[in-house]
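S.K.: Here's a structure for you.
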Amino acid sequence: MAEERFQPRFDINAAVVFRLGEELITDVVQALVELVKNSYDADATWVNVTIDTRAENKLGRGYSDAAGSILVEDNGVGMDEETIRRGWLTIANSPKREQKDAGRETLRGRTPIGDKGLGRLGSQRLAHNVEIITQSRKQPNIEQYIAFSWKDFRDTTNLGEVPVQFERNNVCGKQHGTKLILSGLREREMWQASEHVLDLQRKLSGMLSPFEEADDFHVHLEVDGKTLELAEIAKKVREAALLKYVFKFDGQVLDISGTARLKFFQPSGKDNEQLFKTLCLVDSGEALFEFLTSRTGKGRPRHFVRSEREGWFVEFRTQRSLDDLDRIRRVTKSAVSPGPFRGEVDAVSLESSEFKDDAVSRQSEYRELVKDLAGIRVYRDGFGIRVGEDWLGLGKQQTEATSYYGLRPGNVLGFVAISARDNPDLKETTSREGFLVTPHYENFFALLTEFIRFAGDAQNYFRRGVLSFLNAHRDQQAGVTPEEPHSAVTQRIDRIAGKLSLEKTKVQQRTGSLTKATAGAAKMLGVVRIELDKKLIAGSPESSALESLEAELSAVSNEVMKEEELLDEVSSALDEATELKKMKDVLDRRWEALNEQLSAMYESISLGLTAEALSHEIHNIADRLARKSSVLIREMEGRARRSLMIAFIEEVRSSVAAMRKQLAHLTPSLRYLRERRERIGTDSFFNEFRGFYKERLAQNSIVLDVQTHSNGFSVYMNKGKLTQVFDNLVLNAEYWLKEAIRAGLIETGEIEIVVAEPYVRITDNGTGVDESVEDSLFEPFVTMKRTGEGRGLGLYVCRQLLDSESCNLVLLADRNERGRRYIFELDLSGASGE
């Protein structure tokens, strides 16, 4: 007998499939959703999911003794033999992936959601046995039946030996669709526990969108005869929202709009709350709106109007181009678009006064409900993608800010809607636990981060504006106008204190006069009484009149005593009031010290920004020295020792000179030289300034050009402050020019300084100032740079430094070819004389 020849080939153990299902499908909710996705991909208009834990399997044709079952039934296109073979019996094979790659849609215009061929493995997470009864649209009169048990995968060595039942039957009728019967529930007790059913309802709300129901696909879920409502409760919570956002990205531009109720603006704190109700509820917030629109500052929306919708107070919106976002991913100079998407986000109150639902009667129940629904979720064609509880970092922003009024993770409900058709490059991980990090996803995340930033800035602007509105009312009640400076207020206090001191003297004089007059009258009446007693007969009319006069005088004396006590109290109060002047003097000294500290802070901040640039340059110099040292050490054993040593020494000399140059640039800004004023010629100043930045800017393909009209002019001011101002302006221009070059918008950056007495203008060929911040650019903490790159203090400090020298810095109204303002102008006329 001839020995059978060995034929090498790969095979797979059946148990591996079992392990795949365990690892790739993390829980029963994900498994259930994967099966519903199959119905969607099959072009079904409805799918019914029925879970019955109470009885044996009565829905299938086999496994009748299996306890508990799940029925997933739809009216999709069904499956023929080829689809069953490739879609269910060939592991990890996915006809859907081929369909997506070819760009083919279903008859209903759907792009398949699943494409990994692993969703069917989710059925093993739910039950032990699988039965499929299906009729395809192509052959509706033929019924296909297939059945197998996941238990057999454990007991069978090779995958191809797992037993599978198959039947083919002719049936009447032309209905098509699929019934998937899973029997022998693996976690039957879990399905039966009421708390687990509620947990299932909550988790399914995260996986099957409760925010908007598809017009052509409806999901019905039932557990032991009880229907699980996913959308209704979320809808009611959202209707009670105080703030709503809607955003839409068309592939190039992100449009964000917000709507807020008047109650959203109500501040915390008993006094503020009461004053808000007094001022804002009377006129429906009209005075508040006028106040907010008159203010400028960080976060003020460019489009900000009263809402015409019933129950809403204001509406605001903005637009941001993908190209304008900082540090986005690009391919061949073009921004990588994640594809069109949209979303809605609501900020809800944690108080249940606005929420109406018979099933939720207590405050604690409402808070728990909001907690269950809270978060911004992502849904692809209505099916949830797990992205983490706070994947957009709302909590991080809240904890990093000293006072934060933006979106909070605990009271935000919202969704981002993407689709398989419009966003094919936003790819999920194999385990469905989030997205793969790709350039498309990074820009998708950047766009959503921009929405979060806008919302946070706008809400901070509104809430701080309300507090300013209330404080302005308090100032008005105190007779202090917003324009009145601190010195004028203190002068008023001095005048009032002087008047009080004078009034105190008058009160003291009046008290003495009353006391003296009363005592004199009493003495005179006593003398009269003695004389008349000798002449008058008791009981006579004259005697009675005298007694009445004495009684009246006694009453007057008592009243005078009371007046004296009152005047003493007034005098004591006036004594305390006159102490206001002493207290005011203390406040004046503190105010003066605070101004000095602020001035020092502005200078220190500016010095710090300049020092950052210095640190960068010294770091580069140190790197060059380190590289030269390494080369020298390697080559010392060779023949060219002497020439290498000479080259190294020259490099050291050059580097030392460069360091001295950097330190010389920084020296005028040091504290001991800050108050030294000198006559500075702009011509020599800018020649020196250009020489300092020439090499640094050239390394980044940036050119600095200075144009001086009529040999410039001179100013008398502190050179360190002037240097710090132009350092900030040039470093700011450098940052945005580098971004524009990196984005492929320009090839070479150009910074131009034009000197024309008494003005200096600085421009560049970058993108210009973003419209959303052009009105608040000189406010503190206003920046469009990404987190960690900008503090929003540079221009604010520049203006403060110039103000201390009676000069000014403005952004002119001229616009570049992108429609943005781009010219900074310094008015140095205040420093023309000594």
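S.K.: Scan the stretch 693-713 for residues that are under 18 Å from GLY794 (Cβ atoms) and either open to solvent by less than 10 Å² (accessible area, probe 1.4 Å) or free of Cβ contacts under 8 Å to residues at least 40 places away in the same chain (or both) and report the count.
M.R.: At the first step, the residues of the stretch 693-713 found to be under 18 Å from GLY794 (Cβ atoms) are 693, 696-697, 702, 704.
Then drop every residue that is not either open to solvent by less than 10 Å² (accessible area, probe 1.4 Å) or free of Cβ contacts under 8 Å to residues at least 40 places away in the same chain (or both), which leaves 693, 697, 702.
The total comes to 3.
S.K.: What number of residues within the stretch 714-729 are open to solvent by 20 Å² or more (accessible area, probe 1.4 Å) and touching a helix residue (DSSP H, G or I) at 6+ places or on another chain (Cβ under 6 Å)? Quick ask: steps written out before the conclusion?
M.R.: So the first thing to find is which residues in the stretch 714-729 are open to solvent by 20 Å² or more (accessible area, probe 1.4 Å), and the list is 714, 716, 719.
Within this subset, residues satisfying the condition of being touching a helix residue (DSSP H, G or I) at 6+ places or on another chain (Cβ under 6 Å) are 716, 719.
Going through the stretch 714-729 one residue at a time, the tally reaches 2.
S.K.: Let me ask you something else. Within the stretch 730-780, which residues are surrounded by 19 or more Cβ atoms within 10 Å (Cβ to Cβ) and in a strand (DSSP E or B)?
M.R.: Hits for the stretch 730-780 are GLY749, ILE751, ILE753, VAL755, VAL760, ILE762, THR763, ASP764.
S.K.: For the stretch 806-827, indicate whether the set of residues that are closer than 23 Å to ILE746 by Cα and at pLDDT below 85 is non-empty.
M.R.: No, the stretch 806-827 contains no residue that is closer than 23 Å to ILE746 by Cα and at pLDDT below 85.
S.K.: Output yes when any residue across the stretch 46-55 is modelled with pLDDT of 75 or more, assigned to a helix (DSSP H, G or I) and under 51 Å from the mean Cα position of the chain (by Cα), and no when none is.
M.R.: Within the stretch 46-55 (the criterion being modelled with pLDDT of 75 or more, assigned to a helix (DSSP H, G or I) and under 51 Å from the mean Cα position of the chain (by Cα)), the answer is no, since none of the residues qualifies.
S.K.: Which ones in the stretch 63-82 are modelled with pLDDT of 85 or more and either in contact with a Pro (Cβ under 8 Å, 6 or more places away or on another chain) or among the small types (Gly, Ala, Ser) (or both)?
M.R.: ALA66, ALA67, GLY68, SER69, GLY76, GLY78
S.K.: Also, quick follow-up: So, TYR40, is that one farther than 26 Å from ARG421 by Cα, at pLDDT below 90 and surrounded by 18 or more Cβ atoms within 10 Å (Cβ to Cβ) or not? Show your work before the answer.
M.R.: On the way: farther than 26 Å from ARG421 by Cα: no; at pLDDT below 90: yes; surrounded by 18 or more Cβ atoms within 10 Å (Cβ to Cβ): yes.
So TYR40 does not fit the description; no.
S.K.: Now for a separate question. Identify the single condition in (1) open to solvent by 40 Å² or more (accessible area, probe 1.4 Å); (2) modelled with pLDDT of 90 or more that VAL345 does not satisfy, given that it satisfies every other one.
M.R.: (1)
S.K.: Please specify each residue of the stretch 784-805 satisfying the condition of being in a loop (DSSP other than H, G, I, E, B) and either open to solvent by 40 Å² or more (accessible area, probe 1.4 Å) or over 25 Å from ILE746 (Cβ atoms) (or both). Break it down into steps so the answer makes sense when it comes.
M.R.: In the first step, residues of the stretch 784-805 are kept if they are in a loop (DSSP other than H, G, I, E, B); the result is 784-793, 804-805.
Answer for the stretch 784-805, where residues must be in a loop (DSSP other than H, G, I, E, B) and either open to solvent by 40 Å² or more (accessible area, probe 1.4 Å) or over 25 Å from ILE746 (Cβ atoms) (or both): LYS785, ARG786, THR787, GLY788, GLU789, ARG791, LEU793, SER804, GLU805.
S.K.: Follow-up. State all residues of the stretch 268-291 that are buried (at least 16 other Cβ atoms within 10 Å of the Cβ) and part of a loop (DSSP other than H, G, I, E, B); if no residue qualifies, say none.
M.R.: GLY285
S.K.: Going by what's in this entry, would SER194 be described as under 20 Å from LEU373 (Cα atoms), open to solvent by 40 Å² or more (accessible area, probe 1.4 Å), modelled with pLDDT under 70 and small (Gly, Ala, Ser)?
M.R.: Values: under 20 Å from LEU373 (Cα atoms): yes; open to solvent by 40 Å² or more (accessible area, probe 1.4 Å): yes; modelled with pLDDT under 70: yes; small (Gly, Ala, Ser): yes.
Criteria met by SER194.
S.K.: Further, regarding this structure: Can you tell me which residues in the stretch 225-235 are surrounded by 15 or more Cβ atoms within 10 Å (Cβ to Cβ) and either at pLDDT 80 or above or in contact with a Lys or Arg (Cβ under 9 Å, 6 or more places away or on another chain) (or both)?
M.R.: The answer is none; no residue qualifies.
S.K.: Right, next: Could you tell me which of the residues PHE445, PHE469, PHE451 is modelled with pLDDT of 80 or more, open to solvent by 30 Å² or more (accessible area, probe 1.4 Å) and in a helix (DSSP H, G or I)?
M.R.: Details: PHE469 fails: open to solvent by 30 Å² or more (accessible area, probe 1.4 Å); PHE451 fails: open to solvent by 30 Å² or more (accessible area, probe 1.4 Å).
None of the other options fit; the residue is PHE445.
S.K.: Restricting attention to the stretch 382-423, which residues are in a loop (DSSP other than H, G, I, E, B), more than 23 Å from PRO267 (Cβ to Cβ) and at pLDDT below 85? Spell out the reasoning first.
M.R.: Within the stretch 382-423, the first condition is being in a loop (DSSP other than H, G, I, E, B), and the residues that meet it are 382, 386-393, 401-408, 419-423.
Restricting the remaining residues to those that are more than 23 Å from PRO267 (Cβ to Cβ) gives 382, 386-393, 419-423.
Within the stretch 382-423, GLY382, ARG386, VAL387, GLY388, GLU389, ASP390, GLY393 qualify.
The values are calculated or read from the model by the stated rules, or taken from the named source; none is laboratory data. Just so it is clear, the model here is predicted, and its values are computed rather than measured. Every residue, glycine among them, receives a Cβ derived from its backbone with ideal geometry; neighbour counts consider all protein chains shown. When the accessible area is computed, the model is the full protein with side chains, heavy atoms only, and any ligands, DNA or RNA have been set aside. Shrake-Rupley method; radii C 1.70, N 1.55, O 1.52, S 1.80 Å.
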